[in-house]
Amino acid sequence: IQYAVNRNGGAFYKSTNRGASFTGIWGFGGGGGWNSPFVISPSNPSVLYFGDTQVWKTTTGGSSWLASGTLDGGSTALSIAICATNPDTAIIGMAPFVTTAHVFRTTNGGSSWTNITGILPDRYPIDLAIDPRNSKTMYAAMGGFGTGHLFKSIDAGLDWADISGTLPDAPATALAVDPLNSNYVYVGNDLGVYLSTNGGSTWTPFSLGLPDAVIVADLVVSPSNRSLRCITHGNGAY
């Protein structure tokens with residue numbers, strides 16, 4: 001089973017044959033971001049969250065959706081992360097369009113959302129991640145220049161720490177936490193991929209084999225064999 005959303009989040013599609021064909025299952029009106037985010041719950045794959053100017057949730061694999069209401073006065077969502085073990089816990093990053101940038105958290109399946117932005121800079125929250133082994137540990141990758149680009153919370157977003165360290169002053173665009181070893185954290189930016197083996201305390205380049213100064217669009221760790229997959233902007237997949 002595979003899902004896809006078109007540009008600006010206008011329509012949602014589903015495939016039940018490994019992507020050989022897709023069927024439109026829902027329309028949202030197209031008010032979302034260029035890449036409108038959605039996540040599938042690892043613990044209950046029938047639960048998905050999708051974000052445009054609202055947060056939408058399905059518990060039926062996409063056949064029906066409920067809206068959680070408008071967040072941030074109509075700003076668009078840029079990123080969503082969901083707890084690996086509990087589909088009721090998720091976080092969402094909103095672009096600084098109508099108001100300043102914000103990150104919100106729900107622990108009740110989207111019935112209500114709490115602002116957990118804290119010290120996060122007023123930049124695009126391009127990606128978010130929740131540690132698969134500890135849902136209180138969260139990461140936020142921020143765009144822009146001149147401020148921190150990677151932040152970590154160990155108390156479910158109540159407090160954030162800037163863990164950018166030696167990362168270059170370039171927009172951070174992708175995050176992934178190893179599902180078998182939470183100390184291994186990968187971050188992608190406009191220059192490549194970087195690895196921390198100590199939960200973000202220090203960073204080393206991890207771009208051998210990638211094009212020079214490649215813009216990383218997404219990072220995913222396969223839970224079955226720990227393969228790291230890197231999707232780039234205009235330079236293919238690795």
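The values are calculated or read from the model by the stated rules, or taken from the named source; none is laboratory data. A quick note: this is a predicted structure, and the numbers were derived from the prediction, not measured. No Cβ is skipped: glycine too gets one built from the backbone with ideal geometry, and neighbour counts run over all protein chains shown. Heavy atoms of the whole protein, side chains included, go into the accessibility calculation; ligands, DNA and RNA do not. Shrake-Rupley method; radii C 1.70, N 1.55, O 1.52, S 1.80 Å.
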Worksheet item: Taking a probe of 1.4 Å, how large is the accessible area per residue of the chain, in Å²?
Response: 45 Å²
Worksheet item: What full-extension length gain, to one decimal in nm, is calculated for ASN225 and THR23 as 0.36 nm per residue of separation minus the Cα-Cα distance?
Response: 69.7 nm
Discussion item. Considering only protein heavy atoms and a probe of 1.4 Å, how much of the accessible area of region 150-238 is carbon and sulfur, as a whole percent?
Written reply: 55 percent
Worksheet item: Between region 3-18 and region 131-188, how many Å separate their Cα centres?
Response: 28 Å
Worksheet item: Mean separation of Cα pairs under 8 Å and 6+ residues apart, divided by the residue count of the chain: what relative contact order is that in percent?
Response: 9 percent
Item to complete: Starting from the Cα of LYS152, draw a straight line to each of the aspartates and glutamates and keep only those under 13 Å, dropping any in the same chain fewer than 8 residues away.
Response: ASP127, ASP131, ASP162
Discussion item. Can you compute the radius of gyration and Dmax for region 70-164, using only the Cα atoms, both in Å?
Written reply: 12.2, 36
Worksheet item: Carbon and sulfur together cover what percent of the accessible area of region 18-79 at a 1.4 Å probe radius?
Response: 54 percent
Fill in: Separation in nanometres of the label points that stand 7 Å from Cα toward Cβ, at THR197 and ASP162
2.8 nm
Worksheet item: Give me the log10 of I(q) over I(0) for region 133-226 at q = 0.23 Å⁻¹, as the Debye formula computes it from C-alpha points; what are the numbers?
Response: -1.25
Worksheet item: Mind checking Rg over Rh on region 5-114, alpha carbons, Kirkwood formula for Rh?
Response: 0.96
Worksheet item: Which cross-chain or sequence-distant (5 or more) residues have an amide H under 5 Å from the amide H of HIS102, H modelled 1.01 Å from N in plane?
Response: MET94
Discussion item. Given bins 10 angstrom wide, list per bin the percent of all Cα-Cα distances in region 174-213, short to long.
Written reply: 33, 53, 14
Worksheet item: Which one of LEU128, LEU120, LEU208 has the biggest mean-square fluctuation once the chain is modelled by GNM with Cα springs under 10 Å?
Response: LEU208
Fill in: Kirkwood-based shape ratio for the chain, expressed as Rg/Rh from alpha carbons
0.94
Worksheet entry | Residues of region 169-204 with amide N under 17 Å of a point placed 7 Å along Cα→Cβ from ILE119 | 200-202
